[in-house]
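*Asks:* Please find one structure pasted underneath; my questions will follow.
The values are calculated or read from the model by the stated rules, or taken from the named source; none is laboratory data. Note that the structure is a prediction, hence the values are computed from the model and not measured. Here the Cβ is made from the backbone with ideal geometry for all residues, glycine too, and neighbour counts use every protein chain on show. Note: accessible area is taken over every heavy atom of the protein model, side chains too, but ligands, DNA and RNA are not part of it. Shrake-Rupley method; radii C 1.70, N 1.55, O 1.52, S 1.80 Å.
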Amino acid sequence: MTEKLYYKDAKIKKFDAVVLSCEENKGKFAVILDKTAFFPEGGGQPSDTGLLNGVRIENVQENGDAIVHYACEPIAAGTTVSGEIDWDKRFRFMQNHSGEHIVSGIIHSMTGFNNVGFHLGSEDVTLDLDGVMTREQLNVVERTANQAIYDNIHINAEFPDGQTLKTLEYRSKLDLTENVRIVSIGKYDKCACCAPHVDYTGEIGIIKLLDFESYKGGIRIHMLSGSDAVADYNRKYANVAAISASLSAKQNETAAAVARIMNELIEEKRLVGEWKKEYLQLKASLLTPAQENMCIFESKCDMNDLRFLVNNAVSICRGICAAFSGSDENGYQYVMASNSEDLRKQAKDINAALNGKGGGSGMIQGSVKCTRQQIEDYFKVNQ
């Protein structure tokens with residue numbers, strides 16, 4: 001059995017222990033100690049990482065009464081080791097997990113909704129609710145959660161005896177009856193939890209609800225607390241500052257500046273579309289009638305433009321009227337039509353000859369990977 005030092009003091013960073021066993025497991029070495037401050041993966045929280053006698057510990061798992069440390073090198077049984085956990089990582093986990101407890105407890109008190117899923121990920125923390133809330137409600141939750149931080153409440157974790165446990169009202173995803181660890185945060189939350197937490201809510205620093213989305217009949221909330229929330233703010237500040245400089249707008253006015261530019265771009269796109277249509281009409285009117293096939297090449301056209309060209313030119317072409325846009329390097333998009341040929345039957349042969357793909361009924365469209373010269377030679381030969 002491994003003594004769990006993190007239950008005695010969640011802030012133990014270094015400790016000494018004795019190796020009880022070390023066995024190779026899938027290229028790693030499963031080390032069991034007589035005691036440890038390494039928290040194993042569990043309850044939605046990743047495991048601690050760190051060092052044992054300088055040997056890297058990349059993963060920690062609970063196996064019955066034992067805590068298994070997966071080391072990169074073997075450590076002989078009977079060795080006294082000095083353990084050191086990656087404290088910055090652990091403390092960020094503690095800030096985020098304690099913040100999640102406060103948020104979940106407040107939501108449960110406000111709405112009766114339960115936290116049915118929790119994951120402390122590399123980018124953010126997610127918690128899943130079995131009910132739906134609005135952004136306005138979540139704003140209230142966030143304000144209340146940060147008030148809990150300002151109040152600097154002591155966070156208490158204990159294992160009540162069975163009789164006491166029966167008298168407590170607490171949140172739990174599982175129906176637990178023994179060895180239940182209850183984490184209490186004043187009036188804000190009381191929950192069964194196996195993970196380490198900060199001692200006082202003030203150590204969390206800040207709680208920020210980033211976003212939410214519909215999820216399995218309820219919602220999934222994305223949030224961050226403490227140092228991770230500040231790092232997220234700094235990343236977003238850097239982005240807003242860059243946008244502000246680019247738009248020559250105050251930071252708090254960037255959204256309005258972006259909206260203005262988007263409206264201007266929509267109008268410019270509309271004008272360009274009108275000019276392009278006039279240009280394509282003029283180009284089609286200047287085409288020389290063809291007794292056989294006709295190939296039209298026009299750069300920077302989309303499929304709608306190519307269809308417009310073909311529709312305006314097919315009447316003066318007795319064979320296949322084909323319009324292409326692209327380059328020899330990147331290939332060409334095409335649209336083809338004919339008043340005399342059944343292109344649905346010919347599409348397979350055309351694509352095979354020009355390394356293309358596509359089709360259709362009546363008018364066909366697709367793309368080819370070949371040169372302009374190969375296209376022109378094909379339609380010249382196949383007149």
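*Asks:* Scattering from the C-alpha atoms of region 45-149 alone, worked out with Debye: what is log10 I(q)/I(0) at q = 0.14, 0.15, 0.24 1/Å?
*Replies:* -0.69, -0.75, -1.31
*Asks:* Please compute the length gained on full extension between Glu253 and Glu58, using 0.36 nm multiplied by the number of residues separating them and subtracting their Cα-Cα distance. Mind dumping the intermediate values first?
*Replies:* Numbers: separation 195, 0.36 × 195 = 70.20 nm, distance 4.53 nm.
That pair, Glu253 and Glu58, stretches by 65.7 nm at full extension.
*Asks:* Based solely on C-alpha atoms, express the radius of gyration and the Dmax of region 206-341 in angstrom.
*Replies:* 25.5, 76
*Asks:* How far is helix 87-111 tilted off the main Cα axis of the chain, in degrees rounded to 10, range 0 to 90?
*Replies:* 90 degrees
*Asks:* In vacuo Debye scattering of region 149-244, one point per C-alpha: log10 I(q)/I(0) at q = 0.10 Å⁻¹?
*Replies:* So the normalised log intensities work out to -0.41.
*Asks:* Starting from the 7 Å offset along Cα-to-Cβ, what nm value, one decimal, do you get for the label separation of Ala290 and Tyr233?
*Replies:* My value for the distance between the label points is 6.5 nm.
*Asks:* Sketch the reach of a paramagnetic label on His119 as a point 7 Å from Cα along Cα-to-Cβ, and name the residues of region 188-215 whose backbone nitrogen lies under 16 Å away.
*Replies:* 211-215
*Asks:* Over 17 Å apart: what share of the alpha carbon pairs of region 31-74 falls there, rounded to a whole percent? Mind showing how you got there, number by number?
*Replies:* On the way: 212 of 946 pairs.
Pairs farther apart than 17 Å: 22 percent.
*Asks:* Not counting ligands, DNA or RNA, and with a 1.4 Å probe, what is Asp88's accessible surface area in Å² rounded to the nearest 10?
*Replies:* About 100 Å², ignoring ligands and nucleic acids.
*Asks:* Then there is this: Under a plain spin-label model, where a point goes 7 Å from the Cα along Cα-to-Cβ, how far apart in nm are Asp9 and Thr111?
*Replies:* The two pseudo-label positions are separated by 4.1 nm.
*Asks:* Can you compute the FRET efficiency between Asn304 and Gln147 using 1/(1 + (r/R0)^6), with r the Cβ-Cβ distance and R0 = 41 Å? Round to the nearest 0.05.
*Replies:* Numbers: r = 56 Å, r/R0 = 1.36.
For R0 = 41 Å, the calculated efficiency reads 0.15.
*Asks:* Which pairs, out of Lys269/Lys345; Lys11/Lys190; Lys89/Lys236; Lys300/Lys357, put more than 29 Å between their alpha-carbon atoms? Provide the component values of the computation, followed by the final result.
*Replies:* Numbers: Lys269/Lys345 38 Å; Lys11/Lys190 21 Å; Lys89/Lys236 22 Å; Lys300/Lys357 20 Å.
Where the Cα-Cα span goes over 29 Å, the pairs concerned are Lys269/Lys345.
*Asks:* Moving on. Using only the Cα atoms of region 65-115, each taken as one equal point scatterer with no solvent, compute I(q) by the Debye sum, divide by I(0), and report log10 of the ratio at q = 0.22, 0.27 Å⁻¹.
*Replies:* Listed by q, the Debye log ratios stand at -0.91, -1.05.
*Asks:* List the residues whose amide H sits under 5 Å from the amide H of Glu3, counting only those 5 or more places along or on another chain, with H placed 1.01 Å from N in the peptide plane.
*Replies:* Lys35, Thr36
*Asks:* Here's another thing I want to ask about it. Which value, in Å² rounded to 10, gives the accessible area of Tyr279 with a 1.4 Å probe and all protein chains present?
*Replies:* Its accessible surface works out to 110 Å², give or take rounding.
*Asks:* Additional query: Taking the chain as the reference, fit the longest principal axis to its C-alpha atoms, fit the long axis of helix 343-354 to the helix C-alpha atoms, and give the angle between the two in degrees, 0 to 90, nearest 10.
*Replies:* The angle comes out near 70 degrees.
*Asks:* Enter the per residue convex hull volume of region 312-368, computed from alpha-carbon coordinates, in Å³ rounded to the nearest integer. Before the final figure, lay out each step's value.
*Replies:* Working: hull volume 4.2 nm³, N = 57.
Value for region 312-368: 74 Å³ per residue.
*Asks:* Next question. Compute the projected area of the convex hull of the Cα atoms of region 95-207, averaged over all viewing directions, and report it in nm² to one decimal place.
*Replies:* Its average projected convex-hull area is 7.0 nm².
*Asks:* Another one. Percentage of Cα-Cα pair distances in the chain greater than 34 Å, rounded to whole percent?
*Replies:* Numbers: 41258 of 73153 pairs.
Looking at the chain, the distances longer than 34 Å represent 56 percent of pairs.
*Asks:* Modelled label-to-label distance, Lys345 and Ser246, 7 Å Cα→beta-carbon offset: nm?
*Replies:* For Lys345 paired with Ser246, the spin-label model returns 5.4 nm.
*Asks:* Which one, Gly44, Ile102, Phe113, projects farthest toward the positive side of the charge dipole computed for the chain from Cβ point charges (K/R +1, D/E -1)?
*Replies:* The one lying farthest along the dipole's positive direction is Phe113.
*Asks:* Give the range of the longest stretch in the chain that excludes all trypsin sites (Lys or Arg not before Pro) found in loop regions by DSSP and having at most 13 other beta-carbon atoms within 10 Å. Numbers along the way, then the final one.
*Replies:* Details: sites that count: Lys26, Lys187, Lys216, Lys250, Lys300.
The segment 27-186 is the longest one with no such site.
*Asks:* Which whole number of Å³ per residue matches the convex hull of the alpha-carbon atoms in region 188-283? All intermediate terms of the calculation are to be shown ahead of the outcome.
*Replies:* Values: hull volume 21.3 nm³, N = 96.
Roughly 222 Å³ of hull volume per residue.
*Asks:* Another question about this same structure. With each run of n ≥ 4 DSSP H residues scored as -39500 (n - 2.57), what mean residue ellipticity at 222 nm is computed for the chain after dividing by its residue count and rounding to the nearest 500 deg cm²/dmol? List each step's numbers first, then the result.
*Replies:* Working: 9 runs with 138 residues, N = 383.
Rounded to the nearest 500, the figure is -12000 deg cm²/dmol.
*Asks:* Right, something else. Any idea what angle helix 135-150 forms with the longest principal axis of the chain, computed on alpha-carbon atoms, 0 to 90 degrees, nearest 10?
*Replies:* 30 degrees
*Asks:* In cubic angstrom, how much convex hull volume per residue do the alpha carbon atoms of region 1-89 span?
*Replies:* Given the Cα convex hull of region 1-89, per-residue volume reads 88 Å³.
*Asks:* Turning to a different aspect of this structure: Please work out how much length the chain gains when fully extended from Asn156 to Lys89, using 0.36 nm per residue of separation minus the C-alpha to C-alpha distance, in nm with one decimal.
*Replies:* Details: separation 67, 0.36 × 67 = 24.12 nm, distance 2.18 nm.
Once the chain is fully extended between Asn156 and Lys89, it gains 21.9 nm.
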